[in-house]
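The values are calculated or read from the model by the stated rules, or taken from the named source; none is laboratory data. This one's a predicted model, so the numbers in the text were calculated from it and none came from an experiment. When we count neighbours, we look across all protein chains shown, and the Cβ atoms used for this are built from the backbone with ideal geometry, even at glycine.
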Amino acid sequence: MLYPWTKPGWDQLMNRRRAGRMPHALLITGLPGVGKLDLARSLVDGLLCQQAQPDGQACGQCKTCQLGTAETHPDAFTVTLAVDKKQIGIDQIRELGAQLALSSQLSGYRTAIIYPAAAMTHAAANSLLKTLEEPGPDSILILVTAEPARLPATVRSRCQLVHIPAPEPGLAQQWLREQGIEQPELVLSLAQGAPIKAVELASSDLLTTRQGLFEEFALLIKGKLSPIKLAAGWQKKDDRTLLTLLDSWLCDMVRLKFQQNPPNISNMDFQQDLQSLSGLIQSRTLFQHLDRVRQALSWQEFPLNRDLLIEDVLIPMASA
Ligand SMILES: [Zn+2]
């Protein structure tokens, strides 16, 4: 699926394709929830389609499109995290290399999506280098990640970079409204500007439980609730959603600490409470809390360790 903000990147790629300069390897980057994987999938569908539309998008009707919808296309490969695995291993990349070395089953492109690409082990990334150095004539590798810096430079340098910027907030809010999302301004700012993430947040129970979670967070900061108890209560919540909330509250507290009525508050509805909470914490400590949350969020492409979350993030906050 293409979105208004992924269309420019799409058009650039299609121009290259029409000019016969389609890169053999792409690295699609951008915020989590900005639509990277959707772009990658649209690209695969468009490349494999037998009667693509004028703008390069798949027709959705032909035989290959039907195979694509059923995820049974013999020339379309996907490599991702296996269930319960935190990394993409060398065996997965070797197998992909062997599959891409064979000729196309339907005499067209052979495509592979690797995501989250930064989850490849060092050995897996090294193994991928061989495929990147000697790509088959019609094979296209698409690496997708929010964290390109975690990939070896040797891998990055062999890929054409396609960065998807977060859309301008007005455009994103308008799009969210069209999707029937309530409070688009709030969910978008909680999603750090990434619209697909915003849709995800809006469809979770986040907005209904956010009030209660915030009250517990306030008690934690005031030293009136133990982090262990808090974590037990948060057990059933998605860790990334919790971290996203913590990040947005702490960011707002930083803003409120340094400015009267800052213009860019994410949690407009909690402004007064956040203001008084920020008064309880020294600036340096506040930045330390934010650093820890950011660090935990930077592991977001991996399942988080619950104990680590408690020890690294919540316990230090309780002893502000
Ligand atoms: Zn088609």
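In this structure, does THR72 turn out to be within 16 Å of the ligand (Cβ to nearest atom), touching a helix residue (DSSP H, G or I) at 6+ places or on another chain (Cβ under 7 Å) and among the β-branched types (Val, Ile, Thr)? I'd like the intermediate steps shown before the answer.
Working: within 16 Å of the ligand (Cβ to nearest atom): yes; touching a helix residue (DSSP H, G or I) at 6+ places or on another chain (Cβ under 7 Å): no; among the β-branched types (Val, Ile, Thr): yes.
Here the answer is no, as THR72 does not meet what is asked.
Checking each residue in the stretch 96-151 for being aromatic (Phe, Trp, Tyr) and either over 26 Å from the mean Cα position of the chain (by Cα) or not assigned by TED's automatic domain parsing to the domain that holds LEU81 (or both) picks out only TYR109.
So, GLN66, is that one in the same structural domain as PRO137 (by TED's automatic domain parsing), more than 16 Å from the ligand (Cβ to nearest atom), without any contact (Cβ under 8 Å) to a residue 60 or more places away in the chain and not in a loop (DSSP other than H, G, I, E, B) or not? Before the answer, list the steps.
Values: in the same structural domain as PRO137 (by TED's automatic domain parsing): yes; more than 16 Å from the ligand (Cβ to nearest atom): no; without any contact (Cβ under 8 Å) to a residue 60 or more places away in the chain: yes; not in a loop (DSSP other than H, G, I, E, B): yes.
Judged against the criteria, GLN66 is not a match.
For the stretch 75-86, state whether one or more residues are touching a residue at least 40 places away in the same chain (Cβ under 8 Å), more than 19 Å from LYS36 (Cβ to Cβ) and away from the ligand (no atom under 16 Å from the Cβ). Yes: the stretch 75-86 contains one or more residues that are touching a residue at least 40 places away in the same chain (Cβ under 8 Å), more than 19 Å from LYS36 (Cβ to Cβ) and away from the ligand (no atom under 16 Å from the Cβ).
Can you work out which of the residues in the stretch 1-31 that are part of a loop (DSSP other than H, G, I, E, B) and touching a helix residue (DSSP H, G or I) at 6+ places or on another chain (Cβ under 6 Å) is nearest to GLY193 (Cα to Cα)? Please lay out each step first, then the result.
The initial filter retains those residues of the stretch 1-31 that are part of a loop (DSSP other than H, G, I, E, B), namely 1-6, 19-24, 30-31.
Among the residues that remain, those that are also touching a helix residue (DSSP H, G or I) at 6+ places or on another chain (Cβ under 6 Å) are: 1-2, 6, 22, 30.
Working: MET1: 19, LEU2: 17, THR6: 14, MET22: 30, GLY30: 11 Å.
Residue satisfying both the conditions and the ranking: GLY30.
Just checking, does the stretch 19-41 include any residue being under 26 Å from ALA118 (Cβ atoms) and within 16 Å of the ligand (Cβ to nearest atom)? Break it down stepwise before answering.
To start, the set of residues in the stretch 19-41 that are under 26 Å from ALA118 (Cβ atoms) comprises 22-41.
Subset that is within 16 Å of the ligand (Cβ to nearest atom): 41.
Looking through the stretch 19-41, at least one residue is under 26 Å from ALA118 (Cβ atoms) and within 16 Å of the ligand (Cβ to nearest atom).
Here ALA232 passes the criteria (1) closer than 22 Å to ASP307 by Cα; (2) in contact with a Leu (Cβ under 9 Å, 6 or more places away or on another chain) except the one numbered (2).
Results for (1) touching a helix residue (DSSP H, G or I) at 6+ places or on another chain (Cβ under 8 Å); (2) assigned to a strand (DSSP E or B); (3) modelled with pLDDT of 95 or more, shown as yes or no for each residue.
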site: SER127; (1), (2), (3): yes, no, yes
site: LYS130; (1), (2), (3): yes, no, no
site: PRO137; (1), (2), (3): no, no, no
site: VAL144; (1), (2), (3): yes, yes, yes
site: VAL162; (1), (2), (3): yes, yes, yes
site: ARG177; (1), (2), (3): yes, no, yes
site: LEU186; (1), (2), (3): yes, no, no
site: SER189; (1), (2), (3): yes, no, no
site: GLY193; (1), (2), (3): yes, no, no
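Exactly one residue among LEU67, LEU39 is among the aliphatic types (A, V, I, L, M) and crowded, with 22+ Cβ neighbours inside 10 Å, and that residue is LEU39.
Please pick out the residue among ALA296, ALA232, ALA318 that is at pLDDT below 85, buried (at least 20 other Cβ atoms within 10 Å of the Cβ) and among the aliphatic types (A, V, I, L, M). Full working, then the answer.
Numbers: ALA232 fails: buried (at least 20 other Cβ atoms within 10 Å of the Cβ); ALA318 fails: buried (at least 20 other Cβ atoms within 10 Å of the Cβ).
Checking each option against the conditions leaves just ALA296.
Can you pull out every residue in the stretch 276-291 that is polar (S, T, N, Q) and within 26 Å of the chain's Cα centre (by Cα)? The one that is polar (S, T, N, Q) and within 26 Å of the chain's Cα centre (by Cα): GLN288. Got at least one residue in the stretch 248-263 being aliphatic (A, V, I, L, M) and either over 24 Å from PRO169 (Cβ atoms) or surrounded by fewer than 17 Cβ atoms within 10 Å (Cβ to Cβ) (or both)? Within the stretch 248-263, none of the residues are aliphatic (A, V, I, L, M) and either over 24 Å from PRO169 (Cβ atoms) or surrounded by fewer than 17 Cβ atoms within 10 Å (Cβ to Cβ) (or both). Assess whether ASP91 counts as being farther than 20 Å from ARG158 by Cα, away from the ligand (no atom under 13 Å from the Cβ) and part of a loop (DSSP other than H, G, I, E, B). When the stated conditions are applied, ASP91 does not pass them.
Taking helices (runs of 4 or more DSSP H) that do not extend beyond the stretch 216-293, which have at least 2 residues that are of a type in the set (Gly, Ala, Ser)?
Working: elements: 227-233, 239-258, 271-278.
The helices (runs of 4 or more DSSP H) meeting that bar are 227-233, 271-278.
All conditions in (1) in contact (Cβ under 8 Å) with a residue 60 or more places away in the chain; (2) under 19 Å from LEU141 (Cα atoms); (3) surrounded by 13 or more Cβ atoms within 10 Å (Cβ to Cβ); (4) not β-branched (Val, Ile, Thr) hold for GLN12, with the sole exception of (3).
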